[in-house]
Amino acid sequence: MTLHVNGSMVIFFIMPEQQNTDLREAALGILRENDIGRATKPSPNQYPHLWNWDTAFIAIGYSHSNPERAELEIEALLDSQWDNGMVPHILFTPGETRYFPGPDVWQVTRNPFAPRNGLTSGITQPPILAVAALKVFKNNPDKKQALAFLRKCFPGLKRFIDFFLKERNPDGTGLTYIVHSWESGLDNSPRWDPLIQSIQMEYQPEFNRLDTVYVPASQRPSNNDYSRYIYLLEQYRDVDYDQKAIFGKGLFLVQPVLFNCLFYWSLRSMETIAHLLGESSDYFRNAANNLQQAIQEKLWNRELQAYFDWNIITGQPLLTETVSSFAPLFTGICTEETAFNMARRITNPKGYWPVGGYAVCSTPIWSPSFDPENYWRGPVWININWLIIRGLQQYGFFDQAEELTRLTLELVTQNGFREHYHPQTGVGGGAQRFSWTAALVLDLLHDRPISHLTD
Ligand code: 2M8
């Protein structure tokens, strides 16, 4: 048995229990290494700031062994919240220059709602913070402390929900939209190719990429795509990050399946949190019910029997199937029949689960866009597996969930805590010593095989 930690290989000849203990210790070591004070960065060099949904996963990882630290992670991220409720996708570490685009490029203080120190980006990321907060509460045996934590962060969590319902709700159903592929969290997914390529740039932005210093360029977005990412940023900066003006530009407006399913899960978590705090939960329950209906009505494609993102600009679905099409599985909002079909597709060796390899591919093998090494275009991601495992469990596919858990832990044990993995060989790619991989391994190890059923 081999375990790769911090790039070096440690050899173990041990029994599974001991193996789990070593993996747990190694995972905690990664989180400690990426500690930047009140919170944890995603990786040592590639991502040296705080990222929104990474922080939520990290808090979940810490919640089993160090509830105080888990609480601090969420509180640190909430400190970056804008006055309009948006929790930005990045909270920058002062003086840190290894990441582009930094605060000098974003210049968010042009917007009256942005924090006055200007140390954030001007867009958001998948809203999973409320889910994390509830898990942190549940995993803390000291319920007095846990409740005090919920009470403290409830207003911020609610304002983050309000942001989507007030500022990003064009249909009035709660089906929220994103304005940049960076907001999706699955930045380089082939789903965005047609949108990104249809952006007519009025000029060529000038910049130096830093994301290919520590990670091979072949695993990162093309220069062509990256120019458009920066062009979008500059277009939004030009209108001072005003939400209506950004919508009016009509450059990238999508209602994604995964993003909305995470939002739905957050609404359900907020319903529980409100209840625990003795507050009215009607607002969250109603919003969740409306969103559930909207996902079914607008994102479910009856003809193709699958969920697809909705492109607001063309008024058409984006008919590119990727792993994110399965998100309704982990929210429990699809029918038993659909869940059965999804489980069959996920375990299809020609699609997402290669024979002798590792599941779940972020883009199916049969897709012309499949690339096993380029991020979000094929590699296996531990956060996605964690969500799929929950989905499989929810619908009673326990054997498949257990096998995916086993494979996921084996993948990390043998190849280190990487950002993502080659689905056929298991070789790690992207950033090294990656925090959410470590954090979610901690959660998977904690209570196998059924870790999420009660939430
Ligand atoms: C990746 O995104 C950042 C931009 O936000 C990047 O590539 O520079 C994505 O995988 C995103 O989901 C993740 O939150 C971030 C940090 O891990 O990296």
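Across the range 146-240, Cα-Cα pairs farther apart than 17 Å form 65% of the total.
Placing unit charges on the Cβ atoms of the charged side chains and taking the dipole of the chain about its Cα centre, the candidate lying farthest along the positive direction among 356, 222, 261 is 261. Expressed per residue, the C-alpha convex hull volume of the chain stands at 131 Å³. So, in Å, what gap is there between the alpha-carbon centers of the range 352-421 and the range 183-205? If we compute the Cα centre of each part, the gap is 25 Å. Placing pseudo-labels 7 Å out from each Cα toward the beta carbon at residue 201 and residue 151 gives an inter-label distance of 5.2 nm. In the chain the longest region clear of trypsin sites (Lys or Arg not before Pro) that are loop-assigned by DSSP and have at most 14 other C-beta atoms within 10 Å covers 117-301.
Only Cα pairs under 8 Å and 6+ residues apart enter the sum, and on that basis the relative contact order of the chain stands at 19 percent.
The ellipsoid that matches the Cα gyration tensor of the range 228-314 has semi-axes, each √(5λ) in whole angstrom, of 29, 21, 10, with the longest given first. At 20 °C and a viscosity of 1.002 mPa s, what translational diffusion coefficient does Stokes-Einstein give for the range 307-455, taking Rh as the Kirkwood radius over Cα pairs? Give it in µm²/s as a whole number. Diffusion coefficient, whole number: 138 µm²/s. Using 26 Å as the Cα-Cα cut-off, could you pick out the over-long pairs in 152/298; 41/144; 249/298; 41/350? Violating the 26 Å Cα-Cα cut-off are 152/298; 41/144; 41/350. The listed peptides 303-313, 434-444, ordered by packing as a protection proxy, come out as 434-444, 303-313 (highest mean of other Cβ atoms within 10 Å first). Taking 0.692 mPa s as the viscosity and 37 °C as the temperature, the Stokes-Einstein diffusion coefficient of the range 299-342 based on its alpha-carbon Kirkwood radius rounds to 300 µm²/s.
Taking only C-alpha pairs under 8 Å that are 6+ residues apart, what is the relative contact order of the range 164-269 in percent? Value for the range 164-269: 39 percent. According to the Cα-based calculation, Rg over Rh for the range 407-448 is 0.96, with Rh computed by the Kirkwood formula. Of the three principal axes defined by the Cα atoms of the range 179-286, the extents in descending order read 53, 33, 23 Å.
At 37 °C and 0.692 mPa s, what whole-number value in µm²/s does Stokes-Einstein give for the translational diffusion of the range 63-206, with Rh from the Kirkwood sum over Cα pairs? Answer from the Stokes-Einstein relation: 192 µm²/s.
Only the coordinates and a few stated rules stand behind these numbers; no lab work does. What you see is a predicted model, and the numbers here were worked out from it, not measured in a lab. Neighbour counts are summed over all protein chains in view; Cβ atoms, including those assigned to glycine, are modelled from backbone coordinates with ideal geometry.
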